[in-house]
Structure formats: C-alpha cells, structure tokens
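The values are calculated or read from the model by the stated rules, or taken from the named source; none is laboratory data. Only a predicted model underlies this, so the values are computations on that prediction, with no experimental measurement involved. Methodologically, a virtual Cβ is constructed for each residue, glycine included, from the backbone with ideal geometry; neighbour enumeration extends over all protein chains shown. The area values use the complete protein model at the heavy-atom level, side chains included, leaving out ligands, DNA and RNA. Shrake-Rupley method; radii C 1.70, N 1.55, O 1.52, S 1.80 Å.
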Amino acid sequence: MTRAKEFFDELAREYEAQSRYKHLFYRWIVEAITRQIDNEKCEILDLGTGTGELLLRVAAKFPQSHITGLDISTAMVEEAKKKAEKMSINNVTFIVSSMEKARIGNIDFAISCLAFHHVENKEQVISKIYRVLSEKGKLVIGDWFKPCEKYREEVEKLRGKNLRRTKEFDNSWRQALRAMSREYRENHPDEYPICPHRLKEIMRNAGFKKQRVVKSPLANFAVVIGEK
C-alpha cells in the first residue's frame with residue numbers, strides 16, 4: 001500500500017499529462033460508468049479518483065449531486081483539486097485514504113475507474129461499500145481485468161459482431177501503451193486483477209441483489225455493476 005502511494009505521488013503530474021480520455025477504450029469506460037447514475041440529486045463516491053478524470057465529468061453532468069473523490073495519493077488529489085477549481089466545479093470534496101481504511105458515510109452510488117485492480121482485499125472493500133449504499137444504490141467498477149477462458153470466449157463473440165469497432169478499440173489500447181513511459185511501466189505498484197465473472201460473484205456474496213457485466217471489445221476492460 002505504501003509503495004502504491006509513493007508511486008502515484010511521484011508520478012501524479014505525468015499521470016495527468018497522459019490525458020487518457022483521448023483513448024477510445026478509456027472514454028468507453030468513463031461513459032459506461034456514468035450511464036449507470038440515474039439520479040439527478042444524489043451522493044456519489046469515486047473510489048481511486050486519481051486526478052479526477054471521472055469525478056469531474058460526473059460532477060459537471062450532475063451539478064445537484066455531491067461527489068467525493070477518494071484516493072491514496074495526496075499528489076493525485078491535489079491535481080484533481082486544481083482541475084476542479086479551474087473548471088469552477090464546487091460540488092466535490094476529497095479524501096486521502098486507501099479504500100480499505102476509508103471512513104465512508106452513506107452514499108447512493110460508488111464508482112471507480114481503472115483503480116480497483118490495485119485493491120488486494122476486494123471482498124473487504126465491496127462489503128464496506130454495500131453497507132453504506134442506500135436502498136437500490138449501485139456499485140459501478142470499470143477496470144482492467146484478468147479474464148478467465150470463459151469470459152474471453154464471450155468477448156470473442158462480441159468482437160466478431162463488429163470488426164470495425166473491435167479494430168478501433170485495439171488501436172486505442174496500443175496507442176495508450178505507447179504513451180506510457182518506461183518508468184511508469186517498470187515501477188508500477190502491485191496489481192491484483194481478477195475476472196469480471198469473479199467480481200460479480202464477490203458482489204453477489206456481499207449481498208448485491210443484481211450483478212451484471214458490460215463488456216467491451218477488449219477482454220481486459222469491462223464495467224461490472226452491483227445493485228443493492
């Protein structure tokens with residue numbers, strides 16, 4: 001956990017400079033997460049907010065809502081605060097903490113974009129979120145996964161249905177890989193990716209009544225939704 005904090009503290013500016021929203025696969029994740037928010041006035045928690053890419057877009061789209069960004073990196077949060085101030089967005093607050101140790105109040109939605117694979121004890125965090133979610137609240141996790149064979153087969157069928165879109169997603173991922181610095185790749189902290197099917201199972205075991213996966217043409221990227 002300390003290594004992850006140090007890594008993201010040191011590379012916060014580079015992380016922001018990557019401007020990942022220009023990549024199709026990343027825009028798809030952000031948009032797929034945002035579509036799950038179906039309440040104009042609610043309390044939202046962004047887990048692993050980083051420099052606020054998802055948080056600030058959600059805050060701008062739902063100005064009557066309040067969004068809390070949680071991240072282990074102080075430097076990342078400072079970058080997010082600067083962007084919020086520059087954009088005149090004032091319906092956000094921030095917490096510097098790990099997901100495991102965070103003190104979380106009642107919320108209607110918990111969202112996360114490309115951060116949850118850094119969480120080792122996913123059961124602990126998901127159970128915590130379940131307890132503080134309102135009735136029919138949602139946990140929406142867009143992430144990088146380690147797909148099992150069955151899930152890969154499901155995605156291959158999806159890819160075969162739209163070859164042009166599949167090519168566009170493949171190209172966007174290759175572009176993102178080329179944009180990553182050598183230092184970023186080599187010093188990246190520990191990751192604990194799992195299959196989207198396994199994440200659905202953890203949500204179900206935590207008590208979520210409904211769970212589903214929104215698939216992308218890239219087997220390693222998906223959005224998993226749990227509804228209380």
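Cβ screening of the chain for cysteine pairs under 4.7 Å finds these without a partner: C42, C113. Estimated translational diffusion coefficient (Stokes-Einstein, Kirkwood radius over Cα pairs, 37 °C, 0.692 mPa s) of the stretch 68-180: 193 µm² per second. Surface composition of the chain: carbon and sulfur make up 46 percent of the accessible area, probe 1.4 Å. Label positions at K81 and V132, each projected 7 Å from the Cα along the C-beta direction, are separated by 1.9 nm. Within the stretch 100-135, none of the chymotrypsin sites (Phe, Trp or Tyr not before Pro) combine a DSSP coil assignment with at most 10 other C-beta atoms in a 10 angstrom radius.
The residues of the chain expose, per residue, 51 Å² of accessible area to a 1.4 Å probe.
Sorting the segments 171-183, 66-78, 193-205 by their mean number of nearby beta carbons within 10 angstrom, highest to lowest, gives 66-78, 193-205, 171-183.
Report relative contact order for the chain in percent, whole number only (criteria: Cα-Cα under 8 Å, sequence separation at least 6). If you can, show how the numbers build up before the last one.
Details: 415 pairs, mean separation 51.7, N = 228.
With pairs under 8 Å counted, the relative contact order is 23 percent.
Stokes-Einstein diffusion coefficient for the stretch 167-228 at 20 °C in a medium of 1.002 mPa s, Rh from the Kirkwood formula over Cα pairs: what value in µm²/s?
So the translational diffusion coefficient is about 154 µm²/s.
For the pair the stretch 173-220 / the stretch 92-117, the C-alpha centres are spaced 17 Å from each other.
Shape descriptor for the stretch 76-130: Rg over Rh equals 1.00 (Cα atoms; Rh from the Kirkwood inverse mean 1/r).
Placing one identical point scatterer on every Cα of the chain and ignoring solvent, what is log10 I(q)/I(0) from the Debye formula at q = 0.14 Å⁻¹? For the chain at q = 0.14 Å⁻¹, log10 I(q)/I(0) is -0.88. Most tightly packed first, judged by the mean number of other beta-carbon atoms within 10 Å of their residues, the peptides 37-47, 82-92 read 37-47, 82-92.
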